[in-house]
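The values are calculated or read from the model by the stated rules, or taken from the named source; none is laboratory data. Not measured: the values here are computed from a predicted model. Note that each Cβ is placed from the backbone with ideal geometry, even for glycine, and that neighbours are counted across all protein chains shown. Ligands, DNA and RNA are excluded from the accessible area calculation, which covers all protein heavy atoms including side chains. Shrake-Rupley method; radii C 1.70, N 1.55, O 1.52, S 1.80 Å.
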Amino acid sequence: GRIHPSATGKRAMARYVGTTFTGDQFSQARISGRNGSSNEGVAVRIQSNTNASGYALMDMYGTLMLFRLVNFSNDLGLLSPALATFSGGTQVGDVIRLEVTGDTNPVLKAYKNGVLLGSVTDTGILNLSILYPPLTGGQPGVVLFISTGGSITGPRLSNWMGGNVGIGSAALTGSVTF
């Protein structure tokens, strides 16, 4: 199946809750649709129904960027600056993957089409005088965005997989939380 947002102007996130995950997780998907006003991404360590904080590797208008996501009132924010920006661009058909391992200072690894783009260690992020410590636990999932006025049929992901690093992927049964 395909995953796509149902409305414009806000980020949409889904996390897999059909099993328990370790903190060492991965999330992977194929970019199956995009347009000039959309972002598509895979996410790990999404915290809960009421706290959408996590880490995401996102196709930001053709550039892959790694972000720390934070829960803002009734929306999902991207902490600035990005944890990393990767050159090379993206296109429909690319497979993106994000892995996270470790708890105290987790290491995040970004892949495109099976090739490691780079890795980053999260030691905590200071943004507007607020310290955001590294995340633990959570579930893998996806995040999508379409600008107000954009077509909701633009951003799409397919062939999503998520699971524990080194153990395999989770079975695609259970419920997804939006």
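Summing +1 for each Lys or Arg and -1 for each Asp or Glu among the other residues whose beta-carbon sits under 9 angstrom from that of Val95 gives +2. Figure note: Glu99, Glu40 ranked by solvent-accessible area, largest first, 1.4 Å probe, ligands and nucleic acids not counted: Glu99, Glu40. Comparing Gly118, Gly88, Leu108 along the charge dipole axis of region 23-124, the residue lying farthest to the positive side is Gly88, per the Cβ-charge model. Residues whose amide H falls under 5 Å from that of Gly118, counting only those 5 or more places apart or on a different chain, are Ala110, with hydrogens built in the peptide plane.
Just need log10 I(q)/I(0) for region 3-157 at q = 0.10 Å⁻¹, Debye formula, equal scatterers on the alpha-carbon atoms, no solvent, rounded to two decimals. The calculated log intensity ratios at q = 0.10 Å⁻¹ are -0.31.
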